[in-house]
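Right, one structure below, let's go through it.
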Amino acid sequence: MKTYDAIVVGAGHNGLTNAAFLAKAGLDVVCVEKNDYIGGAAVSRNLYKDWWYSNCSYVCSLLRPEIYRALELHKHGLQLTPFGGSVTFMENGDYYGSYQDTEVSYREMARFSRYDADAYKTYSADTMRQCRFIRDFLLSTAPDPTSFKPSDIKELIRIGGKFLDMGEDRMYDTIRFWTMSVAEYLDEYFETDVIKAAFSGSGIIGTALGIHSPGTAYVLLHHYMGEVDGNVGSWGFARGGMGAVSNSIAGAFQAAGGELRTEAGVDQIIVKNGKVTGVALENGDEISAPVVVSAMDVKRTFLTCMDKNDLPASFHKRVENFKIRGSSGKLNIALDGLPTFPALPEGSSLYHGDMHFIDSMERMERAYDDWKDGTWSKDPYVDMLIPTLSDPTMAPPGKHFMSCFVQYCPYQVEGRAWTSEEKDAFGKSVIDQIAKYSPDFKDLILHAEIRTPQDIEAEIGITEGNIFHGELTMDQLLFNRPIPGYAQYRGPVGGLYMCGSSTHPGGGVMAAPGANAAREILSDLKRPNTVPENFGDD
Ligand SMILES: Cc1cc2nc3c(=O)[nH]c(=O)nc-3n(C[C@H](O)[C@H](O)[C@H](O)COP(=O)(O)OP(=O)(O)OC[C@H]3O[C@@H](n4cnc5c(N)ncnc54)[C@H](O)[C@@H]3O)c2cc1C
């Protein structure tokens, strides 16, 4: 039987990134994937006629440009196009629009409050300062403050230096920012309810927290710290859907000599004498390698695919306690034409951006109350986009694909599995929400894929369908992600590594966990590093 240098488990974009950098260093690598397609949550799927759905992730910003360049993803077909603007429809028939043009945006905000329009500059500068602080750590391993390793001490000094450089007031602000709620953060700048509601959405996407929960200001940052074409905070589409990201990374991996095996689900990671020796597949086959890298989430890796007896008891307990809660659903809709939103002027650029349908902070929090009660939000927060307005490759001419990301949608309904009636009712709540502002929308629906966290878990294997592979709260970030003492991508068993979104710097289509883990593995194997170091900001 052939023995590989490394097996990477899971062909999501992080597993593929990890595999690509290992293969570029000359390692003989196989990446095994349980599904008959690759991409995990960064995938384009053809589920209805000639429509391609980005059926999990739908927009791109976090993907590190250093990785894009190092893997030459443009040569493997990846094209990212920025989109801009967003709109929040109001119950009184008005709307609040946010535009790429700063003058237009200022005037729109001033229509509601000149105070808010003036405050936006400060808000933007303060938030961007936090972005620049954190962005520097995305493509590096989080230092362990309890270690005396020279590399950790050096990195701790570097972080400390950056922190001190911020100046006294901003140091206070930074600590507050990392721990406060998005509602409190926005209250410090703005007075208008709809403007706060519009901005607060980025603080709750993907979390099982509400706008008033501590830690959600950081989640907002997580959604602002990416870039498209060098514009920090911008979001874009991958032409052909988010699968184009994974496919291009797979192209780079295969070009470097890597082997990709689909329909090769891992049943067990095999450990002998405290070291991994390979994996046993669900079909009974075994693959051998002295290095196994898991791109699955931390619970699936250690609680499902490993024997408890191979792990230290305290570590196992920590994994059990890791917070990874399902809170988001998704609808992917094929449309016979473009729905109209009569509140908007004809031909408005706002059709090209995100659309939202909750206009007050009270309604945002109430949506979370439903989740706490074990049910889906009856007045849901929906982040809706029509990607085909920017990328016509995803639907036939004249037709459209609509992507609806939904907060909140629980993993279980009142503590038990979803019934098909409940799933339909969840889908209806989202469709009704949009139809309130678009009278022709319902008649244009040709097909709708309704996805609860349970469906997402069943398809991609993410525990509870949590989009980030674990909450992005302070207790689970940096040197605490995923488990204190194990934040440097190494597992508790020799030769075992982690490279999925449960590791630093967390979820989103960023590719940083996969790349950072590859750097550590290559260092352990004393191979030349193929992973870019942080290029830093301008
Ligand atoms: C509904 C939804 C919407 C999102 N929207 C966005 C967005 O718009 N923008 C954004 O940046 N991020 C978004 N995210 C988050 C982002 O997509 C994920 O954080 C990211 O894609 C996770 O990548 P990963 O490679 O770490 O893991 P995954 O994509 O989860 O990949 C893990 C892979 O492992 C495979 N696997 C699991 N178990 C096994 C096994 N036993 N054997 C073999 N293979 C196995 C899975 O099939 C999967 O391919 C969204 C996520 C979801 C679910």
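The values are calculated or read from the model by the stated rules, or taken from the named source; none is laboratory data. Computed from a predicted structure; not experimentally measured. Quick reminder, even Gly has a Cβ in these numbers, built from the backbone with ideal geometry, and neighbours come from all protein chains shown.
Applying the condition of being assigned to a loop (DSSP other than H, G, I, E, B) and surrounded by fewer than 24 Cβ atoms within 10 Å (Cβ to Cβ) to the range 286-305 and asking which residue is farthest from the ligand (Cβ to nearest atom) yields Pro290.
Among the residues making up the range 211-235, those that are over 14 Å from Ser61 (Cα atoms) and not aromatic (Phe, Trp, Tyr) are Ile211, His212, Ser213, Pro214, Gly215, Thr216, Ala217, Val219.
Condition check: of a type in the set (D, E, K, R) and farther than 16 Å from Asn332 by Cα. Does Glu422 satisfy that? When the stated conditions are applied, Glu422 passes them.
Here the condition is being within 11 Å of the ligand (Cβ to nearest atom), in contact with a strand residue (DSSP E or B) (Cβ under 7 Å, 6 or more places away or on another chain) and not β-branched (Val, Ile, Thr); of Tyr58, Tyr95, Tyr48, it holds for Tyr58 alone. When the range 508-520 is filtered for residues that are under 16 Å from Ser140 (Cβ atoms) and either in contact with a Leu (Cβ under 8 Å, 6 or more places away or on another chain) or within 13 Å of the ligand (Cβ to nearest atom) (or both), the ones remaining, listed by number, are Met510, Ala511, Ala512, Pro513, Gly514, Ala515, Asn516, Ala517, Ala518. Taking the criterion of being surrounded by 21 or more Cβ atoms within 10 Å (Cβ to Cβ) and either at positive phi or more than 16 Å from the ligand (Cβ to nearest atom) (or both), the residues of the range 494-507 that qualify are Gly495, Gly506.
Residues that are in contact (Cβ under 8 Å) with a residue 40 or more places away in the chain, among the charged types (D, E, K, R) and within 18 Å of Tyr408 (Cα to Cα) within the range 423-475 comprise Glu449, Arg451, Glu457, Glu464, Glu471, listed in sequence order. Within the range 478-491, track down each residue that is under 19 Å from Thr216 (Cβ atoms) and surrounded by 22 or more Cβ atoms within 10 Å (Cβ to Cβ). The answer is Arg481, and nothing else. Any chance the range 222-240 includes a residue that's within 14 Å of the ligand (Cβ to nearest atom), of a type in the set (Phe, Trp, Tyr), modelled with pLDDT under 95 and in a helix (DSSP H, G or I)? Yes, there is a match, as at least one residue in the range 222-240 is within 14 Å of the ligand (Cβ to nearest atom), of a type in the set (Phe, Trp, Tyr), modelled with pLDDT under 95 and in a helix (DSSP H, G or I). Filtered by the rule that a residue be in a helix (DSSP H, G or I), among the aromatic types (Phe, Trp, Tyr) and in contact (Cβ under 8 Å) with a residue 40 or more places away in the chain, the range 82-132 gives Phe112, Tyr115, Tyr120, Tyr123. Could you tell me whether the range 253-267 includes any residue that is surrounded by 15 or more Cβ atoms within 10 Å (Cβ to Cβ) and among the β-branched types (Val, Ile, Thr)? Yes: one or more hits.
If I go through the range 472-498 residue by residue, how many of them are outside any loop (DSSP other than H, G, I, E, B) and within 10 Å of Phe302 (Cβ to Cβ)?
Here the count works out to 2.
Against the definition (under 19 Å from Gly494 (Cα atoms), within 12 Å of the ligand (Cβ to nearest atom) and among the basic types (Lys, Arg)), how does Lys330 come out, yes or no? No.
Residue by residue through the range 34-45, note down the ones that are outside any loop (DSSP other than H, G, I, E, B) and either within 8 Å of the ligand (Cβ to nearest atom) or β-branched (Val, Ile, Thr) (or both). Lay out the reasoning, then the answer.
Filtering the range 34-45 for residues outside any loop (DSSP other than H, G, I, E, B) gives 39, 44-45.
Residue satisfying the conditions is Gly39 alone.
Being crowded, with 19+ Cβ neighbours inside 10 Å and among the polar types (S, T, N, Q) is the filter; apply it to the range 61-92 and report the residue that is farthest from the ligand (Cβ to nearest atom). Looking at residues that are crowded, with 19+ Cβ neighbours inside 10 Å and among the polar types (S, T, N, Q), I get Thr88.
Just one residue in the set Ser429, Ser523, Ser438 is more than 16 Å from the ligand (Cβ to nearest atom), surrounded by 18 or more Cβ atoms within 10 Å (Cβ to Cβ) and part of a helix (DSSP H, G or I); that residue is Ser429. So which of Gly337, Gly374, Gly347 ends up being surrounded by fewer than 17 Cβ atoms within 10 Å (Cβ to Cβ) and without any contact (Cβ under 8 Å) to a residue 40 or more places away in the chain? After ruling out the rest, the residue left standing is Gly347.
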